[in-house]
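First comes the structure, then the notes that go with it.
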Amino acid sequence: MRRLAVVRVRGKVGVAREVEDTLRMLRLTRVNHCVLIDDRPTYRGMLQKAKDYITWGEVTQEEVALILRNRGELEGGTRLSDAYVREHTRFESIDDFARAFVEFKAELSDIPGLKKVFRLHPPRKGYRGIKRSFVEGGALGYRGEAMRELLRRMR
């Protein structure tokens, strides 16, 4: 199994109720919000249902650490730091936690108070097109390894 990053690309105007419910279950309530999930059949069905509003792909330890370091937020609005991870978990740093997370030896809930939704910056140089799938040259749907490049532009 792999870890996936899911980013909401399109807004909520004109969204069917079923799709809006699916996006809410994924905790993707706003544009440029990102969640990290595992690649299991239940989530795959949800991704297919909402494919016209989101993009997703595999992430490595480097991308998880980048997201946590730059956009990780604790309840109360405080930024996630290496010191907080060292003090409140069994991990020495964010990088150490990211490695364990990608290897399924840790979950985001292991960091107490961490918000599960990451509010990303809009991508530098923008999305390629929010009404077409990634294979057609747009931004929607499954993008595989290219997710890394998008996340780096959204840090």
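FYI, it's all coordinate maths here, none of it is from the lab. These numbers were taken from a predicted model, which means no experiment stands behind them. Cβ sites come from the backbone with ideal geometry, for glycine too, and all protein chains shown count toward neighbours.
A crude spin-label estimate for the pair GLU62 and HIS121, with each label 7 Å from Cα along the Cβ direction, gives 1.8 nm. Per-residue extension of 0.36 nm, minus the Cα-Cα distance of LYS105 and SER133, leaves a gain of 6.8 nm for this segment. The residues packed around ILE130, meaning those with a beta-carbon under 10 Å from its beta-carbon, carry a net charge of +3 if Lys and Arg are +1 and Asp and Glu are -1.
Here the dipole of the chain is about 800 debye; that uses its Cα centre as origin and unit charges on the Cβ of Lys and Arg (positive) and Asp and Glu (negative). Counting only DSSP H runs of at least 4 residues, each contributing -39500 (n - 2.57), and dividing by the residue count of the chain, the helix-based mean residue ellipticity at 222 nm comes to -9500 deg cm²/dmol.
Among DSSP bridges having both ends in the chain, what percentage is antiparallel? Round to the nearest 5. Could the numbers behind the result be given before it?
Values: 14 of 17 bridges.
Restricted to the chain, the bridges split so that about 80 percent are antiparallel.
Work out, step by step, the length gained on full extension between ASN32 and GLU18: first 0.36 nm times the residue separation, then minus their alpha carbon distance; give nm to one decimal.
Length gained, ASN32 through GLU18: 3.0 nm.
Spatially close Lys pairs in the chain, defined by Cα atoms under 28 Å apart and a spacing of eight or more places or different chains, total 19. Modelled this way, with points 7 Å down the Cα-to-C-beta line, the labels at GLU73 and ARG2 are 2.9 nm from one another. Summarising the amide proton neighbourhood of ILE54: residues at separation of 5 or more, or on other chains, whose placed amide H is nearer than 5 Å comprise VAL9, GLY141.
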